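Following: one structure in structure tokens, then a few remarks.
The values are calculated or read from the model by the stated rules, or taken from the named source; none is laboratory data. Since we're looking at a predicted model, the values are computed, not measured. Methodologically, a virtual Cβ is constructed for each residue, glycine included, from the backbone with ideal geometry; neighbour enumeration extends over all protein chains shown. For the accessible areas, the whole protein counts, side chains as well, though only heavy atoms, and no ligand, DNA or RNA atoms are used. Shrake-Rupley method; radii C 1.70, N 1.55, O 1.52, S 1.80 Å.
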Amino acid sequence: MALRHHRLLRPSYSFVVLILGTVRDLGPIVVVIAFFQLVVLRQPIPDLESVLIGLAFVMVGLAFFVKGLEMALFPIGESLAQDFARLGNLWWLLAFAFALGFGTTVAEPALLAVAAEAAAAAAEAGVIAPTAEAKADYAFGLRYVVAGAVGVAIMIGVFRIIKGWPVHFLIIGGYCLLVVLTFFAPEEIVGIAYDSGGVTTSTITVPLVAALGIGLSTAIRGRSPLTDGFGLIAFASLTPMIFVLIYGMLV
């Protein structure tokens, strides 16, 4: 009876520990905001009750999100990578890598927001017509260029793991190309291109891509999850900037 009671308490105890972890992680942010609001600006926190309720929602939501990553996204990504490695078909593995990068990036909420803001700013600057249809087309094109770039990036990263190439050579070469393209791209697209590299590595893309790299490097003989499994996210940040600059030059 005592053992059964202990097993029933274990899930709730682990979730409490998870909540306390999110409180610890968010604590410095809360302290900084409260210090500048109350001490530097000498202003009361507006609508304090709503702020506290929202903060509680954020903490619980982060705890659920972290638990969901541990239970679903990380195991799925690692098992799929290992299954494809055992299959031994390079083309199916690369196709899966592209589809994973493309699909997760299209669904990124941060990319949706940035694409919409970029379309609105382009309309205000006169780059595109100030109509809803023109802005929707601009945002759609930007989203799918970025998603395709991430798909290509994950393909390159997976191929690098298979071949065992050093990650820093590819990253240095990519950033050199990025700097060169920056001088030729229209000024209106440069800032958007650089921001697009950051929004692609967010809540949906990062867990699956990281799990893919670790799982693949674990399944391939002679590869280390520590030295070979990481680096895919760096490609996912770099390649969209290059693609968006080229997109701005051509379109």
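Yes or no, residue by residue, for (1) in a helix (DSSP H, G or I); (2) open to solvent by 20 Å² or more (accessible area, probe 1.4 Å); (3) in contact with a helix residue (DSSP H, G or I) (Cβ under 9 Å, 6 or more places away or on another chain):
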residue	(1), (2), (3)
Ile171	yes, yes, yes
Leu181	yes, yes, yes
Val190	yes, yes, yes
Thr201	no, yes, yes
Leu208	yes, yes, yes
Ala211	yes, no, yes
Going through (1) among the hydrophobic types (A, V, I, L, M, F, W, C); (2) part of a loop (DSSP other than H, G, I, E, B); (3) more than 23 Å from Phe65 (Cα to Cα) one by one, Leu216 fails only at (2)
Just wondering, is there one or more residues in segment 87-106 that are part of a helix (DSSP H, G or I), touching a Lys or Arg at 6+ places or on another chain (Cβ under 7 Å) and either open to solvent by 60 Å² or more (accessible area, probe 1.4 Å) or under 30 Å from Leu26 (Cα atoms) (or both)? yes
Restricting segment 42-52 to residues that are in a helix (DSSP H, G or I) and open to solvent by less than 90 Å² (accessible area, probe 1.4 Å), the one modelled with the lowest pLDDT turns out to be Leu48
Would you tally the residues in segment 214-251 being over 16 Å from Val199 (Cβ atoms) and among the polar types (S, T, N, Q)? 4
For segment 232-251, name all the residues that are modelled with pLDDT under 90, over 13 Å from Ile154 (Cβ atoms) and in a helix (DSSP H, G or I). Tyr247, Gly248, Met249, Leu250
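Residue-wise test of (1) surrounded by 10 or more Cβ atoms within 10 Å (Cβ to Cβ); (2) of a type outside the set (Asp, Glu); (3) at pLDDT below 80.
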{"position": "Ser12", "(1), (2), (3)": "no, yes, yes"}
{"position": "Asp25", "(1), (2), (3)": "yes, no, yes"}
{"position": "Pro28", "(1), (2), (3)": "no, yes, no"}
{"position": "Val40", "(1), (2), (3)": "no, yes, no"}
{"position": "Gly54", "(1), (2), (3)": "yes, yes, no"}
{"position": "Gly61", "(1), (2), (3)": "yes, yes, no"}
{"position": "Val66", "(1), (2), (3)": "yes, yes, yes"}
Only one residue in Gly126, Gly157 is surrounded by 20 or more Cβ atoms within 10 Å (Cβ to Cβ) and either touching a helix residue (DSSP H, G or I) at 6+ places or on another chain (Cβ under 7 Å) or free of Cβ contacts under 8 Å to residues at least 12 places away in the same chain (or both). Which one? Gly157
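Filter segment 129-148 for residues that are part of a loop (DSSP other than H, G, I, E, B) and open to solvent by less than 70 Å² (accessible area, probe 1.4 Å) and give the result. Step through it out loud before you land on a result.
At the first step, the residues of segment 129-148 found to be part of a loop (DSSP other than H, G, I, E, B) are 129-131.
The answer is Ala129, Thr131.
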